[in-house]
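What follows is calculated from the coordinates using simple rules that are stated; it is not laboratory data. Just so it is clear, the model here is predicted, and its values are computed rather than measured. Glycine also receives a Cβ, built like all others from the backbone with ideal geometry; neighbour counts cover every protein chain displayed.
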Amino acid sequence: MKKRIRLTLQRLIGNLFAGSFSSYMNALHGLELDELRQYQPGDDYKAIDWKTTAKTGKLHVRMKLVDKRVAIIFVVDKSRSEKFGSFHHTKEDVQSAILLTLVHAASEAGNEIGFLAFTDRVENFIQPQAGEKEALMQAKGIVHAMTAGSHTDFHKAFTFLNEKMHQPALVFILSDFLAPYNYEQSMKTLSAFHEVIPVIVSDRTEIALPYARGLLTVQDMETGIIKPLDLSTAWEDSLPCLPLLRRLNIDHISLFTDEDEETWIKKISEFFDRRIRRGGRRKR
């Protein structure tokens, strides 16, 4: 299943960014066979085509078409609300597992990987760079890093990324999206230039409150404030990001803390499949 994610992710990138970079070039390793040619000093022995070599009596190597890769940025919410979980996993657990899975798939395919960790400030920014081992080490560093902030401010993260990234990129946003709604314009700017895929990680107890009359005492994990919640109006407080994503034609992936890793990966793979079938980027 994880191998399927790598393959569908790379096909998705090809569909989304067709025309954003120059066409294919010859190389020993790649996606499609282009030609066979005689071995030259310095060629990788793993690329030798032994069937052709046996027929001709001369060493031949397989040349394949390799497309230029795109930069992928992982925007990771590190606020305190990510530490909540009423089932076996916290939202942070889900986020971390998905981050490592996607980073492994993307870096293995040769893409440049970058990271932006944020709370109510930018905690860490790593420019996109190639290298599978480096990307996985950086991802693990993001997962385990301590943060200075505790709240969530998407506007600061999106504005920072808009200023830093001057080439089209694929941007995954991993968050529960429980945050002040101050980011409409900055997200609109971000999605107009980049391909944005929000991965919304939720706990069902946060979104499936009973519709009833009465008050429920709750604690805000980011501020620590304990306050009463009016259950009769709780349904009105749905995630404000969802109407915004619809207006901007941004597809998202929804994951939950009561699901297992197999379910998360299946959802992501199916999302990539749907996007591939639909074709290139949506008009914003």
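Averaged over residues, the count of other Cβ atoms within 10 Å places the peptides 101-113, 137-149, 117-129 in the sequence 101-113, 117-129, 137-149, highest first.
Note on PHE87 and THR52: the model spin-label points, each 7 Å out from Cα along the C-beta direction, lie 5.1 nm apart. Once backbone amide H atoms are built at 1.01 Å from N, ALA169 has GLU195 as its partners under 5 Å, excluding neighbours fewer than 5 places away on the same chain. Label separation (PHE193 vs GLN40): 3.8 nm, computed from points 7 Å beyond Cα along the C-beta direction. Taking amide H as placed 1.01 Å from N in the peptide plane, GLU123 has its amide H under 5 Å from the amide H of ALA117, PHE118, each at least 5 places away in sequence or on another chain.
Cα gyration tensor of the stretch 83-205, axes a ≥ b ≥ c as square roots of the eigenvalues: rounded (a/c below 1.5), prolate (a/b > b/c) or oblate? Oblate. Between ASP258 and ARG204, the built amide H atoms are under 5 Å apart, and every one of these is 5 or more places off in sequence or on another chain.
Placing +1 on the Cβ of every Lys and Arg and -1 on the Cβ of every Asp and Glu, with no other charges, gives the stretch 67-125 a dipole of roughly 100 debye about its Cα centre. The string of couplings for the stretch 46-52 from the Karplus curve (6.51, -1.76, 1.60, θ = phi - 60°) is 5, 8, 5, 9, 6, 5, 5 Hz, one whole number per residue in order, with x for Gly and Pro. Note on THR217/HIS252: beta-carbon distance plugged into 1/(1 + (r/R0)^6) with R0 of 35 Å gives a FRET efficiency of 0.65. In order along the stretch 258-268, the phi-based Karplus estimate (6.51 cos²θ - 1.76 cosθ + 1.60, θ = phi - 60°) of 3J(HN,Hα) comes to 8, 9, 9, 4, 4, 5, 4, 5, 4, 4, 5 Hz; Gly and Pro are listed as x.
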